[in-house]
Amino acid sequence: MDQNINDLISKEIENNEVCLFMKGTPDAPQCGFSMAVSNMLKILEVNFKGVNVLEDQNLRQGIKEFSDWPTIPQLYIKKEFVGGCDIVKEMYENGELKKILESKGINFKK
């Protein structure tokens, strides 16, 4: 993977408590899975950064290599890779996602 892409990914994860690498943006998702994870975070009223991997093919491939995870979206909370859509959806449904966010001291919108 290109060092600039690796640095960009690291910087986004480092600078954003909740970072979602997705297809499209939180306001205009370009894939159903990205929209689903984005919507779950919105329902929980979490401040998060959406990173559009469609803007750069190298970023799109780079995030897969970075996490060793084959699909997008990918959710990171406090620099820790949580998973993709299926994992996040399951965690959301059983309440685990909210617990993790709270335990890591993530601020919810007021």
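The values are calculated or read from the model by the stated rules, or taken from the named source; none is laboratory data. Everything numeric here is computed off the predicted structure, so don't read it as measured data. Virtual Cβ from ideal backbone geometry, glycine too; neighbours counted across all protein chains shown.
In the stretch 5-27, how many residues are in contact (Cβ under 8 Å) with a residue 40 or more places away in the chain and either among the hydrophobic types (A, V, I, L, M, F, W, C) or more than 16 Å from Glu80 (Cα to Cα) (or both)?
10
Using beta carbons and a limit of 7 Å, which pairs, at least six apart or on different chains, have the first residue in the stretch 28-49 and within 19 Å of Glu12 (Cβ to Cβ) and at pLDDT 95 or above and the second one among the aliphatic types (A, V, I, L, M) and surrounded by fewer than 17 Cβ atoms within 10 Å (Cβ to Cβ)?
Gln30/Leu54
Quick one: is Val51 within 21 Å of Met91 (Cβ to Cβ) and in a helix (DSSP H, G or I)? Full working, then the answer.
Working: within 21 Å of Met91 (Cβ to Cβ): yes; in a helix (DSSP H, G or I): no.
So Val51 does not fit the description; no.
When you go through (1) at pLDDT below 95; (2) part of a strand (DSSP E or B) one by one for Tyr76, which number turns out not to apply?
Going through the list (1) at pLDDT below 95; (2) part of a strand (DSSP E or B), Tyr76 breaks only (1).
Just checking, how many residues over the stretch 64-80 are surrounded by fewer than 15 Cβ atoms within 10 Å (Cβ to Cβ) and either in contact (Cβ under 8 Å) with a residue 60 or more places away in the chain or in contact with a strand residue (DSSP E or B) (Cβ under 8 Å, 6 or more places away or on another chain) (or both)?
The first filter runs over the stretch 64-80 and keeps only residues surrounded by fewer than 15 Cβ atoms within 10 Å (Cβ to Cβ), leaving 65, 68, 70-71, 79-80.
Keeping just the survivors that are either in contact (Cβ under 8 Å) with a residue 60 or more places away in the chain or in contact with a strand residue (DSSP E or B) (Cβ under 8 Å, 6 or more places away or on another chain) (or both) gives 65, 79.
The total comes to 2.
Quick check on Gln3: is it surrounded by fewer than 16 Cβ atoms within 10 Å (Cβ to Cβ), more than 11 Å from the chain's Cα centre (by Cα) and within 14 Å of Glu55 (Cβ to Cβ)? I'd like the intermediate steps shown before the answer.
Values: surrounded by fewer than 16 Cβ atoms within 10 Å (Cβ to Cβ): yes; more than 11 Å from the chain's Cα centre (by Cα): yes; within 14 Å of Glu55 (Cβ to Cβ): no.
It is false that Gln3 is surrounded by fewer than 16 Cβ atoms within 10 Å (Cβ to Cβ), more than 11 Å from the chain's Cα centre (by Cα) and within 14 Å of Glu55 (Cβ to Cβ).
Hey, could you check the stretch 37-47 for residues that are buried (at least 17 other Cβ atoms within 10 Å of the Cβ) and among the β-branched types (Val, Ile, Thr) and say which is nearest to Lys78 (Cα to Cα)?
Only one residue fits best here, namely Val46.
Could you grab me the full set of residues in the stretch 95-104 that are assigned to a loop (DSSP other than H, G, I, E, B) and farther than 18 Å from Phe81 by Cβ? Break it down stepwise before answering.
Taking the stretch 95-104 first, the residues assigned to a loop (DSSP other than H, G, I, E, B) are 95, 104.
Selection gives Gly95 alone.
Looking only at the stretch 81-104, count every residue that is surrounded by 12 or more Cβ atoms within 10 Å (Cβ to Cβ) and polar (S, T, N, Q) and tell me the total.
Residues in the stretch 81-104 being surrounded by 12 or more Cβ atoms within 10 Å (Cβ to Cβ) and polar (S, T, N, Q): 0 in total.
Filter the stretch 1-31 down to residues that are among the charged types (D, E, K, R), within 19 Å of Lys79 (Cβ to Cβ) and assigned to a loop (DSSP other than H, G, I, E, B), then give me how many there are.
Residues of the stretch 1-31 that are among the charged types (D, E, K, R), as a first pass: 2, 7, 11-12, 14, 17, 23, 27.
Applying the additional criterion that residues be within 19 Å of Lys79 (Cβ to Cβ) yields 7, 11-12, 14, 17.
Adding the requirement that they be assigned to a loop (DSSP other than H, G, I, E, B) leaves 17.
Total meeting the criteria: 1.
Could you check Ser34 against (1) assigned to a helix (DSSP H, G or I); (2) among the polar types (S, T, N, Q); (3) surrounded by fewer than 17 Cβ atoms within 10 Å (Cβ to Cβ) and say which number it fails?
In the conditions (1) assigned to a helix (DSSP H, G or I); (2) among the polar types (S, T, N, Q); (3) surrounded by fewer than 17 Cβ atoms within 10 Å (Cβ to Cβ), Ser34 misses (3) alone.
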